[in-house]
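For reference, the structure discussed in these notes is given below.
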Amino acid sequence: MEALPQASSSVSLPVPTLQIKTMQIRRPGHASKIITAAFKIKKGKKGPEKEYPWPQKVSVHSKDGNLAYLSRFKPLPIKQKLVTLPFEKPLADLDRQVTEVRELAIDTGMDFTQQIDDLEARYDQVLKDLYAHLTPVQRLSVARHPNRPTCLDHVLKMTDKWVELHGDRAGYDDPAIVTGIGTIDGISFVFIGHQKGRNTKENIFRNFAMPTPHGYRKALRMMEHANHHGFPIITLIDTPGAYADVKSEEAGQGEAIAHNLRSMFTLKVPVVTVVIGEGGSGGALAIGCCNKMLMLENSVYYVASPEACAAILWKNSAAAPLAAEKLRITSQELYKFGIADEIIPEPLGGAHADPDETSRRIKQVVMKHMHELLKMGPDQVQQQRLAKFRAIGHFQEGSEIDSYKTRNMKKLEAFDSESTLKLGRCSGIEDMETHNVEDFNVRLFEVKVQTTEDTPMNVSVHI
């Protein structure tokens, strides 16, 4: 045996944090020595097996709901901080007044019950008025609320049993998209959804619910698994969009989204999608080609965020409120256009005010539509999904192009040789409408233009 480093014989280190072991060492030609060594136990990071231990006995007849030891999603040890949105400042002021009156009653011993009741009644009335007349940009802020229930929050409350499945079978697992199998009322479903974090640490781990190509390929794997075994699919959308960094583009972000779009229209099983927060562009549509599109009352669905739209069109993000209005991103507008099939009402104050009630309402509406779809055959389900998206938008072929719609085209494309636009023959400005939006003005002029055939034509010019 090789010689050990020199150590004092029969010496112990009485340090309570050290583990002490005694050993006897014999070397040829030398007297044996008994030494005592102290080993410091280094506390390292907790691994998944330490942080989320498996139970010693796993019961196959568990009735506690979810197989909690199979999921890393646990209740937060610390309650989330109360977040007040900008338009909720009147509520914060009333809440502060109620707190001050209660503290005054405790300090003085006087009865302020009537004053407290009046303030609470006023608080309830202001809350109803605020959420009954939300603007599109205010609904967007509610959809992005930090305390809004996430995908796994809803899944764990909706399902009787649930097990999360990981990986795209190509060596990657994107935590921004969660997939798994759960049962509701004895029916097995495949769940796919975007997962946001409940705090900064989780948001970084989940990449703020912005999936990479590996996440979409994981979702596609689960769709094919569901299609093979006949499991209906429930998808939950809550993402600002697909992650658009260099690595994601190099890994084929566009191809992964396009592959999902194509594959979802070939599925023979029912697909019900619920927009629980914000649905951003192709990142949301990649798991949103469904038979039924459901939206929470304060959720949004858009092709580009209002901030991005304002920066592109008006070169100023301060125009986001105007962009949110023009984009028609709210559930009410999308329901009118036939994109959303039903709006799920939220509790007063938003989904974060009562997450349990929100999950119950989602479950109720989802199961109503799912029972209708389960009565249809596989081919009927597929054809119904195709017909739904074919009916979105309207177009006409062979009709004359209106000059109003072609005002931004080149001259040769917009007008023929007999009706060449004579810019010098403008008769003047008939009407002018000005919209002030913080730091800039958007002016809309109605200009009357004469063509060569003396036919009046209205042209809108945006400056």
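The values are calculated or read from the model by the stated rules, or taken from the named source; none is laboratory data. Source: prediction; values computed, not measured. Positions of Cβ are backbone-derived with ideal geometry, glycine not excepted, and every protein chain shown enters the neighbour counts. These area figures cover heavy atoms from the full protein model, side chains too; ligands, DNA and RNA do not enter into them. Shrake-Rupley method; radii C 1.70, N 1.55, O 1.52, S 1.80 Å.
Counted over region 142-391, the DSSP beta bridges are approximately 40% antiparallel. If you take all other residues with their beta carbon under 13 Å from the beta carbon of Val381, and give Lys and Arg +1 and Asp and Glu -1, the sum is +3. Per-residue packing, averaged as other Cβ atoms within 10 Å, sorts the ranges 116-129, 293-306 into the order 293-306, 116-129, beginning with the highest.
Sorted on the mean count of surrounding Cβ atoms within 10 Å across their residues, most packed first, peptides 147-155, 256-264 read 147-155, 256-264.
Pairs to check: Lys196/Lys368; Lys161/Lys368; Lys157/Lys336. Give those whose C-alpha atoms are more than 23 Å from each other in this structure. Flagged as over cut-off: Lys196/Lys368; Lys157/Lys336. Each residue of region 154-168 is assigned a 3J(HN,Hα), and the resulting list reads 5, 4, 5, 7, 7, 8, 7, 9, 8, 9, 8, 10, 10, x, 9 Hz, derived from the Karplus form 6.51 cos²θ - 1.76 cosθ + 1.60 (θ = phi - 60°), x at Gly and Pro. Between Val274 and Thr235, Leu236, Ile237, Leu294, the built amide H atoms are under 5 Å apart, and every one of these is 5 or more places off in sequence or on another chain.
What number comes out for the charge environment of Asn291, summing +1 per Lys or Arg and -1 per Asp or Glu over other residues with Cβ under 10 Å away?
+1
Summing +1 for each Lys or Arg and -1 for each Asp or Glu among the other residues whose beta-carbon sits under 13 angstrom from that of Pro345 gives -3.
Surface exposure of region 88-133, expressed per residue as accessible area with a 1.4 Å probe, stands at 72 Å².
Of all the accessible heavy-atom surface of region 142-391, with the other protein chains kept in place and a 1.4 Å probe, what percent is carbon and sulfur?
Ligands and nucleic acids excluded, carbon and sulfur reach 56 percent.
Of the solvent-accessible surface of region 88-133, computed with a 1.4 Å probe and all protein chains present, 51% belongs to carbon and sulfur. Distance between the modelled labels on Arg96 and Ser263, one decimal in nanometres: 5.3 nm (7 Å Cα→Cβ projection). Each residue of region 328-345 was assigned a 3J(HN,Hα) from its phi angle through the Karplus expression (A = 6.51, B = -1.76, C = 1.60, θ = phi - 60°), giving 6, 9, 7, 5, 5, 5, 5, 5, 5, 7, x, 7, 8, 8, 7, 9, 8, x Hz with x at Gly and Pro.
Would region 127-190 count as rounded, prolate or oblate if I go by the C-alpha gyration tensor, calling it rounded below 1.5 in a/c and otherwise prolate when a/b exceeds b/c, oblate otherwise? Kindly include the intermediate steps, with their values, before the conclusion.
Numbers: a/c = 3.97, a/b = 1.79, b/c = 2.22.
Oblate.
If the chain linking Ala170 and His229 were pulled fully straight, counting 0.36 nm for each residue of separation and taking away their Cα-Cα distance, it would gain 19.1 nm. Restricting region 140-198 to trypsin sites (Lys or Arg not before Pro) that sit in a DSSP loop and have at most 13 other Cβ atoms within 10 Å of their own Cβ leaves Arg169.
Rolling a 1.4 Å probe across the protein heavy atoms gives region 165-320 an accessible surface of 37 Å² per residue.
Remark: region 298-309, residue by residue, has Karplus-estimated 3J(HN,Hα) of 9, 8, 9, 9, 9, 8, 8, 5, x, 5, 5, 4 Hz, where x stands for each Gly or Pro and the curve is 6.51 cos²θ - 1.76 cosθ + 1.60 at θ = phi - 60°.
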